[in-house]
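We did not get these values from a lab; they are worked out from the coordinates using the rules stated. These numbers were taken from a predicted model, which means no experiment stands behind them. As a convention, Cβ positions derive from the backbone with ideal geometry for all residues, glycine included, and neighbour counts pool all protein chains shown.
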Amino acid sequence: MNDSLEHEARLRGTAVEIAGVARRFGSAAALDGVSLSVRSGEFVALLGPSGSGKTTLLRILGGLDHADAGSVMIGGRDVVGVPARDRGIGFVFQNYALFRHMDVFANVAFGLRVRKRGRPSAAEIAARVRKLLALVQIPELERRYPDQISGGQRQRVALARALAIEPSLLLLDEPFGALDAQVRKELRLWLRGLQEEVGITTILVTHDQDEAMEVADRVAVMRAGRIAQFDTPEVLLDRPADAFVAGFLGESNRLGCEVRGGMAHFAEGVLPPLAVQAPEGPGLAFIRPHELVAQARADGRFSVRAVRPAGPGTRLVVSGAGGSFDAVPAPDAPLPRRGDACALEAVGVRIFPDRD
Amino acid sequence: MSLALPASRRPGHSVARRRDALPGFGLSLGVTLAWLSLVVLVPLSALALRPWELGVAGVLGVLSDPRVLAALRLSFGTALMAALLNLPLGLLVAWVLVRWRFPGRRLLDAMVDLPFALPTAVAGLALTALFAPNGWLGAPLKAIGVTVAYTPLGVFVAMMFVGVPFAVRTVEPVLRDLGTEAEEAAATLGASRAQALLRVVLPALAPALLTGFGLAFARAVGEYGSVIFIAGNRPMVSEIAPLVIVQRLEGFDYAGAAAIGLAMLGMSFLVLLLTGLVQAWLRPGRRA
Amino acid sequence: MTIGPAARDPAVARWAAGTLAVLLLTMFVALPLAAVFTEALRRGWGTVMEAYADPDAKAAIWLTLLVAAIAVPVNTLGGIAAAWCVAKYEFRGKRLLVALIELPFSVSPVISGMVFVLVFGAQGWLGPWLQAHDVQIVFALPGLVLATVFVTFPFVARTLIPLMQEQGRAEEEAAATLGASGWQSFRLVTLPNVKWALLSGVLLCNARAMGEFGAVSVVSGHIRGETNTMPLHVEILYNEYQFAAAFAVAALLALLALVTLCAKTVLERISGRRGEIA
């Protein structure tokens, strides 16, 4: 991140500051000491497999669940013990949770109509609702009921409803989970554009790494109730903090190895030893498919099982030495065919100490 | 009773005030428990406790009274038979309602609920009028030598009547959810229609059938209003157990009445427990 | 449901089964109902009207309405509270609570009435104390109300619980994040979502409350003009061989059942259309 951006972020301040948050359900720890700091106006994704605690964290932020320990500050205010209705946070639910007996207009107007103090007049509410429906590009659906509109449209209504209370923070729980692939892709780019337009700090929960990498400024990768790494998508892919992040993000071949004298020796000599910068001792190596080059060789100990065109290049599935690997063909050689023998060579690798 | 509070309501660490995002748990549970205790649990505890004023021997004495025994036998025996016969009838009606579209289906559907909605005294009166020796059905039956009214057979008819909705309504939703895919799969695998029904459909419906049996039985065994008009209430012959209870109460023999009531309740729960056990045994994967 | 040829029964089987089902239901359900109205009208409209004009009959109708007017609201409030805590929260003992709520359905009506006699009757637990303080519960209105509340106890809770469980708590949570108080959320979100099912449950509860026989028979004492509800009045008339009058009052009760059933069917269709699955 360059200096001017960092400066700007400092000016706008921190929107969310979570420290040491823990939450148990019975004997299982859903969150195990989570700390996270989100800047004002930032778009952050909480990414992780199911059961990693990401939704629990989001619900604690929204006041729908409580932390057993730790502190949660939103906009500089300690919100522990503040009920959801007093937090002024926009929450978009996984299945939208639209009020099924209210039309789209009434859904969006709800947050304004239930206000005890400073409730806008009916005319003001109508104007605000129409403006929001225009913003989410569904002005024509005002009088429809939730069961009369499509999934993508419901998503937009849910967003407009959450934005109606002019929240300081927008929380989205798997907002695209219920949509089909095409709509999902369109909608997430649109959402990112909208977020920039409104300038609202946004936290999104997802288990889809493409989604997280595409829309978020920074991604918090969660595992078993902890944040494994919190950084920009580029850093996460290039410099994963641990074996979990390396294995979870993107495709990679995973191999056991032993680091001795600055060289990685692979189990059973699957690959030729490789010079690496990694702690000495047993390790786990992650090699991306484009870093694993297959060279057709009659005496190679691997054989090509599948050849798949992948955009400009070609991807191979290669097996041998008791494993199956995703690789690419050597650039300056003729394309291998299924059944050809070949040898493998790694040109890049990330190695993490194997603690087992 | 062990209605412990949920973890989130117990006083906890001071770090966070533990509260549910939805308010009203304490209030609603409090109202529910108060309502339940006052109207149901406290009065029922009287039923559980009062018989023992007679001592164990006294209770056994009440229950071994020939008239009481005859009444219990009539109530339970007839209720079991009625519930059993309600099973195929319920399945048939449910099948017709779920699988076919025909004019008058809605009417048939509404008719199923009538025994449930009709006040029992009215049902009793109606059945008696119908099956009396000069009634619409009683007269032809009499001609072939069958007497229904004022006999144990009348008790049986009344008990079947009250069981119909339970037998139908428990099977119907399961049959609807089942769809026809499994049957079609069976057909593609070479099963005959009868095989498909016996091996695919019936096992899937078995738990619901058992539930329907249990509900129809529980309703029939305790039934009073529908039965007493048509039963004739001759001691040792067509007198049902609830009527014996009423008579004991009218004679201020509270403990004796409670003893019979407790025995009825215990036996009913035993039957329900047994159906539950059979259900558990029928569950796929449970069979060793 | 569209049924493909593989799962279609032969036409003969369909006709046979259909005819059998219709016949059995007609015999068991339609004929008894028809018998009530026929018997009631056997001596003409005059007798029917006379039966309703009888002071004891009027008192019975009035008492029936009064008992239902107390018992139904009590069970509606209790049922809503029970459905709310069972459907919206997780807590230990929930299954037991649900089982206890449904318990009155599997208790004989006579036993349901008896338990109140055992507590409040002359030789009941509280009998002597009540007598000393001149409070009448059994053989009086309070006893009738208690017995009626007992037997109609599960109706509202039972109709609401599955529906509210299926609807989950996401909408209430959404309302909370939008600033609604608990009461606002209940009034604006929860209640409208279940209103047709609630109405249906209340109607069933009411029908049973007005038609209950066994339980109130035990606690009523059968004092003419004072503690006889309509179903009890029917029994007395019948035992006194006033058949026409008995069937006339019975017809009124049967009419109530029919109206309730129609209303329930209509409500289920409405709620089905509105996304409530009753």
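Toward the positive end of the charge dipole of the stretch B:170-288, about the Cα centre and with charges on Cβ (Lys, Arg +1; Asp, Glu -1), which of B:Ala187, B:Val246, B:Leu265 goes farthest?
Going by the charge dipole, the pick is B:Ala187.
How far is it, in nm, from the label point at C:Thr265 to the one at B:Ser64 when both lie 7 Å from their Cα along the line to the Cβ?
Simple spin-label model gives 5.5 nm for this pair.
What residue among C:Leu63, C:Val234, C:Ala99 has its Cα farthest toward the positive end of the dipole of the stretch C:45-273, where the charges are +1 on Lys, Arg and -1 on Asp, Glu, each on the Cβ?
In the stretch C:45-273, that residue is C:Ala99.
Measure out, as a whole number of angstrom, how far apart the alpha-carbon centroids of the stretch A:255-274 and the stretch C:215-272 sit.
Value for the Cα centre distance between the two parts: 89 Å.
Among A:Pro175, A:Ser27, A:Phe91, whose Cα lies farthest out toward the positive end of the dipole of chain A, if unit charges sit on the beta carbon of Lys, Arg (+1) and Asp, Glu (-1)?
So the residue furthest toward the plus end is A:Phe91.
5 Å is the cut-off here: which amide hydrogens, built 1.01 Å from N in the peptide plane, fall below it relative to A:Ile227, excluding neighbours closer than 5 in sequence?
Hits under the 5 Å cutoff: A:Ser35.
For chain B, what ratio Rg/Rh do Cα atoms give with a Kirkwood hydrodynamic radius?
Dividing the radius of gyration by the Kirkwood radius yields 1.06.
How many angstrom lie between the Cα centre of the stretch C:101-164 and the Cα centre of the stretch A:302-356?
78 Å
Highest mean first, what order results for A:260-269, B:29-38 on Cβ atoms within 10 Å?
B:29-38, A:260-269
Using only Cα atoms, find the angle between the long axis of helix A:181-198 and the longest principal axis of chain A, and express it within 0 to 90 degrees, rounded to the nearest 10.
60 degrees
May I ask you to work out the translational diffusion coefficient for the protein assembly as shown at 37 °C, viscosity 0.692 mPa s, via Stokes-Einstein with Rh from the Kirkwood sum over Cα pairs, reported in whole µm²/s?
100 µm²/s
Please identify every one of the chymotrypsin sites (Phe, Trp or Tyr not before Pro) in the stretch C:178-278 that sits in a loop by DSSP and has no more than 13 other beta carbons within 10 Å of its own beta carbon.
Answer in residue order: C:Tyr241.
Mind ordering B:241-254, C:121-134 by average Cβ neighbours within 10 Å, highest first?
B:241-254, C:121-134
May I ask you to list the trypsin sites (Lys or Arg not before Pro) in the stretch A:261-356 that are in a DSSP loop and have at most 10 other Cβ atoms within 10 Å of their Cβ?
Working: sites: A:Arg297, A:Arg301, A:Arg305, A:Arg315, A:Arg337, A:Arg338, A:Arg350, A:Arg355; in loops: A:Arg297, A:Arg301, A:Arg337, A:Arg338, A:Arg355.
Taking the stretch A:261-356 and a limit of 10 other Cβ atoms within 10 Å, the loop trypsin sites (Lys or Arg not before Pro) found are A:Arg337, A:Arg355.
What lysines does A:Lys185 reach when the alpha-carbon gap must be under 18 Å and sequence neighbours fewer than 8 apart in one chain are set aside?
none
So which trypsin sites (Lys or Arg not before Pro) in the stretch C:171-278 pass both tests, a DSSP loop state and at most 13 other Cβ atoms within 10 Å of the Cβ?
Passing sites in the stretch C:171-278 are C:Arg224.
In whole Å, how far is the Cα centre of the stretch B:150-202 from that of the stretch A:223-250?
Centre-to-centre distance over Cα atoms comes out at 56 Å.
Residue separation times 0.36 nm, minus the C-alpha to C-alpha distance between B:Ala185 and B:Asn134: what's the value?
Separation in residues times 0.36 nm, less the Cα-Cα distance, equals 13.1 nm.
Taking each pair of distinct Cα atoms in the stretch A:24-140 once, what is the resulting Kirkwood hydrodynamic radius in Å? Working shown, then result.
Numbers: mean 1/r = 0.0591 Å⁻¹.
Across the stretch A:24-140, the inverse of the average 1/r is 16.9 Å.
For C:Lys88, list the lysines whose Cα falls under 23 Å from its own Cα; do not include residues on the same chain fewer than 8 positions away.
Cross-link targets: A:Lys54, C:Lys195.
Using the beta-carbon distance between C:Ala16 and C:Arg95 and R0 = 35 Å, what value does 1/(1 + (r/R0)^6) give for FRET efficiency, to the nearest 0.05?
For C:Ala16 and C:Arg95, the calculated efficiency is 0.25.
What are the principal axis extents of the Cα atoms in chain C, in Å, biggest first?
Dimensions of chain C along the principal axes of its Cα atoms: 64, 60, 30 Å.
Put a dot 7 Å past each Cα toward the Cβ at B:Arg234 and C:Trp183; how far apart are the dots in nm?
Distance between label points: 6.5 nm.
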